[in-house]
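*Asks:* This is the structure I want to talk about, given as structure tokens.
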Protein chains: 4
Amino acid sequence: MSSRPDTDTLDELRTLTRAFAAERDWQQFHTPKNLAMALSVEVAELVENFQWLPTGAAEELDERKREGIRHELADVLLYLVQLADRTGVDLRAAALEKLRLNAQKYPVERVKGDARRYDEY
Amino acid sequence: MSSRPDTDTLDELRTLTRAFAAERDWQQFHTPKNLAMALSVEVAELVENFQWLPTGAAEELDERKREGIRHELADVLLYLVQLADRTGVDLRAAALEKLRLNAQKYPVERVKGDARRYDEY
Amino acid sequence: MSSRPDTDTLDELRTLTRAFAAERDWQQFHTPKNLAMALSVEVAELVENFQWLPTGAAEELDERKREGIRHELADVLLYLVQLADRTGVDLRAAALEKLRLNAQKYPVERVKGDARRYDEY
Amino acid sequence: MSSRPDTDTLDELRTLTRAFAAERDWQQFHTPKNLAMALSVEVAELVENFQWLPTGAAEELDERKREGIRHELADVLLYLVQLADRTGVDLRAAALEKLRLNAQKYPVERVKGDARRYDEY
């Protein structure tokens with residue numbers, strides 16, 4: 001993220017998405033349930049770009065695909081911010097908490113280089 | 001997001017997730033394709049919390065569900081940051097660009113209070 | 001399903017999808033992993049039809065949406081049959097086995113009218 | 001599919017899932033919207049089995065994973081049958097219709113060995 005924004009990006013996007021929905025009177029559709037569904041649809045549109053590729057590495061992507069990926073990543077973030085807003089979750093605090101929990105669940109010495117899930121140990 | 005962090009949250013999480021994966025030698029598994037799949041799985045775990053509820057509003061959620069939602073929102077953000085990092089996408093710039101495109105696609109005067117998609121007009 | 005087909009539908013579709021992929025030399029792309037991703041994308045296209053609707057009941061759907069739902073249900077079934085074929089799973093036997101397991105997991109007397117998941121008891 | 005059942009499998013499963021839901025008084029939760037969400041969650045549980053594997057081929061799967069895949073494929077089919085039932089879609093007719101449309105959309109001579117989507121031509 002190049003230059004540092006005046007406001008934290010997650011706060012900025014929360015403000016912008018609130019205004020966007022309010023101007024269109026769309027808050028009525030934005031229940032947490034509906035936003036979660038919309039989020040899952042956007043993620044699938046992102047997945048669609050990768051489904052027949054070997055790994056999705058840069059050399060496998062043309063300009064058209066790169067643009068599609070950028071737009072879908074954006075859509076996912078925008079719905080994520082709105083869903084967190086509607087459920088009263090502080091995304092930054094939640095992510096930092098989850099990183100701490102993950103560090104406990106997957107201690108370096110036990111999982112190094114191994115992708116099996118914790119519950120498979 | 002309570003107090004303003006020293007670094008923008010998205011940059012901070014990019015740095016932290018990079019270190020987390022590097023310490024565990026997990027970058028080898030983190031192809032864009034695999035991260036997109038993992039992201040879709042986390043979103044489904046989020047969706048699972050809402051699937052049988054009327055709307056997912058606060059009064060429908062108990063403490064256990066609220067915690068689950070917080071953790072899943074965090075997982076989604078963490079994978080999203082990693083996928084953007086691996087595909088070289090600046091999430092903030094992409095989100096601001098997409099909001100501009102959406103504003104053109106869904107002009108206030110045409111869509112107010114109507115959730116039909118643009119392509120259905 | 002109107003009149004009874006000569007062959008069981010799941011067998012019939014397995015034969016037809018095998019031929020479809022073979023004629024196009026697409027088996028090379030049809031790894032179980034890729035088919036699972038494609039299946040998830042088709043399901044999201046199905047979900048998209050319902051995301052802003054109250055319940056998705058017949059009276060909420062116009063002809064266009066009904067057709068979209070029919071096509072997406074078909075796509076899901078076609079990928080499902082192909083994924084089962086590639087992983088050597090007998091879908092009918094698997095479904096009957098799972099119904100038996102579900103009947104044990106959710107005994108009538110305990111769950112009647114209650115949508116909470118088993119693990120929440 | 002070993003021996004041929006007396007009833008077509010899709011009809012059989014429709015009858016069985018109807019009874020299963022009715023006995024538990026669960027039809028009230030089974031709106032098309034909710035079933036579509038549940039279907040997407042089951043597909044993600046299926047995807048989860050493949051997300052860190054190279055291709056998901058048989059030699060990459062242990063017995064535990066094979067069983068998980070079998071159960072998740074079954075869950076997907078069971079929800080698919082219920083969603084088709086609730087939306088009044090004849091799954092067999094829809095799949096055969098979609099195969100015909102796909103054959104027109106992807107003519108053998110044009111797409112042989114090429115996984116790019118139709119809209120990318």
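*Asks:* Any idea which residue in segment B:38-60 is nearest to the other protein chains (Cβ to nearest Cβ), counting only those that are assigned to a helix (DSSP H, G or I) and over 19 Å from the mean Cα position of the chain (by Cα)?
*Replies:* Residue satisfying both the conditions and the ranking: B:ALA58.
*Asks:* If you don't mind, there's one more thing I want to ask. Open to solvent by less than 40 Å² (accessible area, probe 1.4 Å), in the same structural domain as C:LEU83 (by TED's automatic domain parsing) and farther than 18 Å from B:GLN51 by Cβ: is that true of C:ALA44 in this structure? Walk me through it before giving the result.
*Replies:* On the way: open to solvent by less than 40 Å² (accessible area, probe 1.4 Å): yes; in the same structural domain as C:LEU83 (by TED's automatic domain parsing): yes; farther than 18 Å from B:GLN51 by Cβ: no.
No, not satisfied.
*Asks:* Take the residues in segment A:1-35 that are within 21 Å of B:ARG92 (Cα to Cα) and within 13 Å of chain C (Cβ to nearest Cβ), then tell me which one is surrounded by the fewest Cβ atoms within 10 Å (Cβ to Cβ).
*Replies:* Applying the first criterion (within 21 Å of B:ARG92 (Cα to Cα)) to segment A:1-35 yields A:1-21, A:35.
The next check asks that each one be within 13 Å of chain C (Cβ to nearest Cβ); those that pass are A:21, A:35.
Details: A:ALA21: 17, A:LEU35: 24.
Looking at the filtered set, the residue picked out is A:ALA21.
*Asks:* So, one more: Could you please let me know if B:VAL108 is of a type in the set (A, V, I, L, M), touching a residue at least 60 places away in the same chain (Cβ under 8 Å) and out of contact with any His (no Cβ under 8 Å at 6 or more places or on another chain)?
*Replies:* So B:VAL108 fails the test.
*Asks:* Quick check on segment B:108-116. Is at least one of its residues surrounded by fewer than 20 Cβ atoms within 10 Å (Cβ to Cβ), in contact with a Phe, Trp or Tyr (Cβ under 6 Å, 6 or more places away or on another chain) and part of a loop (DSSP other than H, G, I, E, B)?
*Replies:* yes
*Asks:* Please go through segment A:70-89 and pick out each residue that is assigned to a loop (DSSP other than H, G, I, E, B) and in contact (Cβ under 8 Å) with a residue 24 or more places away in the chain. Before you say what the answer is, go through the steps one by one.
*Replies:* Narrowing segment A:70-89 to residues assigned to a loop (DSSP other than H, G, I, E, B): A:87-89.
Scanning segment A:70-89 gives a single hit, A:THR87.
*Asks:* Scan segment D:72-87 for residues that are facing chain C (nearest Cβ under 7 Å) and more than 12 Å from the chain's Cα centre (by Cα) and jot them down.
*Replies:* D:THR87, the sole residue that qualifies.
*Asks:* Answer yes or no: is there a residue in segment D:96-106 that is among the polar types (S, T, N, Q), in contact with a Leu (Cβ under 6 Å, 6 or more places away or on another chain) and at pLDDT 95 or above.
*Replies:* no
*Asks:* Has segment C:61-69 got at least one residue that is in contact with a Lys or Arg (Cβ under 9 Å, 6 or more places away or on another chain) and part of a helix (DSSP H, G or I)?
*Replies:* no
The values are calculated or read from the model by the stated rules, or taken from the named source; none is laboratory data. The structure presented is a predicted model; accordingly, all values stated were derived computationally and were not measured. Note that we place each Cβ from the backbone using ideal geometry, even for glycine, and neighbour counts take in every protein chain shown. With ligands, DNA and RNA removed, areas are computed over all heavy atoms of the protein, side chains included. Shrake-Rupley method; radii C 1.70, N 1.55, O 1.52, S 1.80 Å.
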